[in-house]
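Nothing in this text is a laboratory measurement; each read-out follows from the coordinates by a stated rule. This is a predicted model, so every value here is computed, not measured. Note that each Cβ is placed from the backbone with ideal geometry, even for glycine, and that neighbours are counted across all protein chains shown.
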Amino acid sequence: MRIGIVTFWQSDDNYGQQLQCWALQCYLKRLGHEPFLIRYLYKESVWRKWLKIMVKTAFIYPLLGWWRHRDIRRMEAVNRVKNEVRSFEEFRNKHIDQSRRIYGTLTELRQDPPAADVYIAGSDQIWNPMLLRRKDGRAFWLDFGEDRVRRVAYAASYGVDKCPPGLQKELSRRLYRFDALSVREESGVSICRASGKEATHVLDPTLLLSMDDYLSLLEDIPVRPSPYIYIYSINISSKEDIRWSELRGFSKIGGLSLVVTPASGYLPGRELFEGVEYSYAAIPEWLSLIRHAGLVVTTSFHGVVFCILFHKRFVYFPLSGTYAKGNSRVLNLLSNLSLSDCIWKAPGDFKRIYHLSIDWDRVEELLAPLRDKSVSFLKQVLS
C-alpha cells in the first residue's frame, strides 16, 4: 500500500526527529509498503507572528533585558550557519521518500491531497494541544483527503499528561476519523480514552529497528583514534545542568577527551563548554560518535535510545523546570529495560556508570516484547 506520513521533519539540528522519520519508513518498506513523507510545513499566520512580536517587544524583552534578547538573536544567527554543516536536507533527500510538493496550509492539503491508501500521523509531539487550537495545526490529525483513505496514528505524542480544559470535545472530533490509534506515552492512552477512543502504547519508531539497520548508515565513516566522552546536550541553560565541573575532572583523570554536539530543542543550541571539541555532525557521523564513545552524557530521549541500540554506557540527566515534562518517557523506558542505574543521581556517578557492567543481552530480552507489540500493531492495522 502507498502510505503518506505526517510528522515533524523540517528541523536542522534535531537528530531524533530525522531518524524517527527514516526509521518508520524503513520498517514500513520491510513490510512491503510504499511510505512517503507528506512534507507539511506548518506556518503561523501573519497576524499571530505580529502578535508575538508585539508581546515580546512590550513585555518579554524588557523583563529579560535587551542585552539578553540580543544574545539570543545572535545565537540563532550563528546556529543557522553552523547547522548547514549537519546537512539534514541532504540526508532527507538521500534517505527519506517525500511528497512532490511542500504543503503550507491545511487548505492546500484539502485542495490537493497526496494520493495514498493510508495516512499515518506520527511520531513526535504532533498532537500538542497548542496545535489543536489552530486550523492549520489540525493537519496533524489528518483532517484532509478522501474518506476511503485509512487513517492511523503511530506513536503520536501529546507532549502533556492531560488534555487541557476546554479542548476535550475538539480532540474527540479530531480523533473520530481515525481507524486505529497508537501513542508514544502511557499518558496518551488515557487522553485518547477520555476522548472516547482506545489507543495502543507503542515504541518510538527508532526502536523498531536494530543496531544493524543503523550501521548501514555508517559506511565509510572514520572512527576517532582516541578515547572520548560524547556529550549530546539539548534543552540545557547552564553547563552545570550536566554537572560540568565534575565531568571535566573525571575526563582528565581518565585521559578522555570531550566531544560536544549541541542542539536546540526548546532553547537555542549554544557552545557552553570550554576546552572541548564541538562537532556539528551530519546524521551518520552523529550515530558514529555515539557508537564509538567511551561514555555518552545526554539529556535527550533519542540520545538514550541510540545508546541502548548500540549497547553503549551512558549517563542520563533528567531536565528540570519547564523542560521536565520530557523526562517521563525516558524514565519509563529505562525502568522497563532495567537501565535506571544509568541515571545521574549523585556526585561520583560518572565513575560509577563508566565502570558499570550492563547485561545487554538482558536489555534486548526486555526490549523484544515491547518491539513485538509495536510491530503487531502496525501489521494488524495495515493488513
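Summary of computed values
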quantity: Protection proxy ranking of 12-24, 134-146 - average other beta-carbon atoms within 10 Å, highest first; calculated: 12-24, 134-146
quantity: Positive dipole terminus of the chain, leading residue within P227, P347, A194 (C-beta point charges); calculated: A194
quantity: Global form of segment 211-367, assessed from the alpha-carbon gyration tensor, a/c cut-off 1.5; calculated: rounded
quantity: Residue-averaged [θ]222 nm for the chain, counting only DSSP H segments that reach four residues, each worth -39500 (n - 2.57); calculated: -11500 deg cm²/dmol
quantity: Option label - log10 I(q)/I(0) by the Debye sum over Cα atoms at q = 0.06, 0.13 Å⁻¹ computed here, alternatives [x] -0.24, -1.17; [y] -0.21, -1.05; [z] -0.34, -1.26; calculated: [x]
quantity: Total charge dipole magnitude, segment 211-367, about the Cα centre, Cβ charges on Lys, Arg, Asp, Glu only, Debye to nearest 20; calculated: 580 debye
quantity: Net length gained if the chain between R30 and E198 were fully extended (0.36 nm per residue, minus Cα distance); calculated: 57.8 nm
quantity: T105, T7, T322 arranged by Cβ crowding within 10 Å, fewest neighbours leading; calculated: T322, T105, T7
quantity: Amide hydrogen neighbours beyond the local backbone of Y40, cut-off 5 Å, H modeled; calculated: T7, Y103
quantity: Total charge dipole magnitude, the chain, about the Cα centre, Cβ charges on Lys, Arg, Asp, Glu only, Debye to nearest 20; calculated: 1280 debye
quantity: Nonlocal amide H pairs with K197, under 5 Å, H built at 1.01 Å; calculated: none
quantity: Extension gain (nm, one decimal) between I253 and Y354, 0.36 nm per residue minus Cα-Cα; calculated: 35.1 nm
quantity: Gap separating the Cα centres of segment 188-233 and segment 162-185, nearest whole Å; calculated: 24 Å
quantity: Karplus-derived 3J(HN,Hα), 6.51/-1.76/1.60, for each residue of segment 212-222, Hz, glycine and proline x; calculated: 4, 4, 6, 4, 5, 8, 9, 4, 6, 8, x
quantity: With Cα atoms, 0 to 90° folded angle of helix 360-381 axis to the chain main axis; calculated: 10 degrees
quantity: Crossing angle, helix 66-83 versus the chain [Cα axis fit, 0-90 degrees, rounded to tens]; calculated: 90 degrees
quantity: Long-range amide H partners of E34 with built H, under 5 Å; calculated: R2, I3
quantity: Cβ-based charge dipole, the chain, positive-most Cα from P113, Y278, S335; calculated: P113
quantity: Using θ = phi - 60° and Karplus 6.51 cos²θ - 1.76 cosθ + 1.60, couplings along segment 314-328 (whole Hz; Gly, Pro as x); calculated: 8, 10, 9, 9, x, 7, 10, x, 4, 8, 5, 4, x, 6, 4
quantity: Cα-Cα over 27 Å, subset of K94/K239; K29/K169; K94/K162; K197/K379; K197/K373; K82/K345; calculated: K94/K239; K29/K169; K94/K162; K82/K345
quantity: Highest-MSF residue in the chain out of A281, A116, A346 [GNM, Cα springs under 10 Å]; calculated: A346
quantity: Table column - 3J(HN,Hα) (Hz), segment 249-258, Karplus curve with 6.51, -1.76, 1.60, x for Gly and Pro; calculated: x, 5, 5, 5, 4, x, x, 10, 6, 10
quantity: Crossing angle, helix 46-55 versus the chain [Cα axis fit, 0-90 degrees, rounded to tens]; calculated: 40 degrees
quantity: Approximate spin-label separation R101-R134, in nm, with each point projected 7 Å along Cα-to-Cβ; calculated: 2.1 nm
quantity: Segment A324-R371, length gained on full extension (0.36 nm per residue, minus Cα span); calculated: 14.3 nm
quantity: Cα gyration tensor shape of segment 155-259, rounded if a/c is under 1.5, else prolate or oblate by comparing a/b with b/c; calculated: oblate
quantity: Dipole moment magnitude, nearest 20 debye, segment 83-182 about Cα centre, only Lys, Arg, Asp, Glu C-beta charged; calculated: 360 debye
